[in-house]
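Shown next, in structure tokens, is the structure this report addresses.
The values are calculated or read from the model by the stated rules, or taken from the named source; none is laboratory data. What you are looking at is a predicted structure, and each value in this text was computed from that prediction instead of being measured. Because the Cβ atoms are built from the backbone with ideal geometry, glycine has one as well, and the counts that use them run over all protein chains shown. Surface areas here come from the heavy atoms of the whole protein model, side chains and all, with no ligands, DNA or RNA. Shrake-Rupley method; radii C 1.70, N 1.55, O 1.52, S 1.80 Å.
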Amino acid sequence: MASKNHYDSLAPFYDTVIGKNNSSKKFLLNTAKKYLKRDSKILELGCGTAENLSIFTKKYKLTGIDISEGMLKIARKKIPQGKFIQADIADFNLKEKFDLIFCVYDTVNHLKDFKAWTSLFRCVKNHLNKDGIFIFDFNTLYKLNILSQSDIYPEFPGEDTLLLNVRKVTKNLFNWEINYFKQVSGAKYELIKSVIPESGYATDKILNEVKKHFSLINISNESFKKVTKNSLRVFCTVKLK
């Protein structure tokens, strides 16, 4: 994973640029309505600023794990009644079980190698209730290769400017190079730089590993349709075997 400082530097503008993904929120809410009861326990892995967890505040008991204390400071303000823990999402033991565990926004890709992916799946398995479900998504290797061959991608949140470049390091490792120009006053900007590594693997390899630990409930692409070799993102909903 990237260093804690790299994630901390993203925290102040994370919600503005990255954190508000309405399609993921809608998918999570629809799944929660289908499987969960009031007061169910929910855990998010790589919760960031808790933007996703915030949609569950009225009915459920919420816990979030993240490596970045900067992200967690925002999360605690956003959901004062939630429990937030600074920890590695691939190596944690909370000594309790949950009805829903989720890990979205390609957070699992932030793990440095496939061994860490497998470790995350094992941790999830150990923390799920008997009837609990696990939802996660990942950027496909196909998508990461496309991004690494693309030009620098600009975004313009408000008066700020974000420049994003994805650079291929090895067959399975890609660096997301982020340059965020935050307006201080007038024509004066502060530059915030961060490098976030992502690992990617063949979709079949990932799903075969998932099936060792869970039973598949549903799998879909970024449009919530059938997964193909050209899918950019894969959503998985699974349960204990």
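General observations
- Expressed in units of 2.2 N^0.38 Å, where N is the residue count, the Cα radius of gyration of the range 1-157 is 1.03.
- Taking E209, E51, E96 in turn, the Gaussian network model of the chain (Cα-Cα springs below 10 Å) assigns the largest fluctuation to E96.
- Remark: for residue pairs K77/K225; K112/K193; K143/K188; K143/K239, the C-alpha separation exceeds 29 Å in K77/K225; K143/K188.
- Mean ellipticity per residue at 222 nm, deg cm²/dmol - from DSSP H runs of n ≥ 4 across the chain, formula -39500 (n - 2.57): -8500 deg cm²/dmol
- Of the solvent-accessible surface of the range 66-191, computed with a 1.4 Å probe and all protein chains present, 51% belongs to carbon and sulfur.
- Accessible area (Å², per residue) of the chain, counting only protein heavy atoms and a probe of 1.4 Å: 50 Å²
- Rounded to whole Hz, the Karplus (6.51, -1.76, 1.60) HN-Hα couplings of the range 89-94, x for glycine and proline: 5, 9, 7, 9, 8, 8
- For S40, distant residues with modelled amide H under 5 Å away: K61
- Most positive-pole-ward Cα, T203, A187, F138, against dipole of the range 126-241 from beta carbon charges: T203
- What the Cα convex hull of the range 117-241 gives, in volume per residue, is 144 Å³.
- Of the cross-linked pairs K25/K59; K25/K171; K41/K211, those separated by over 27 Å at the C-alpha level are K25/K171.
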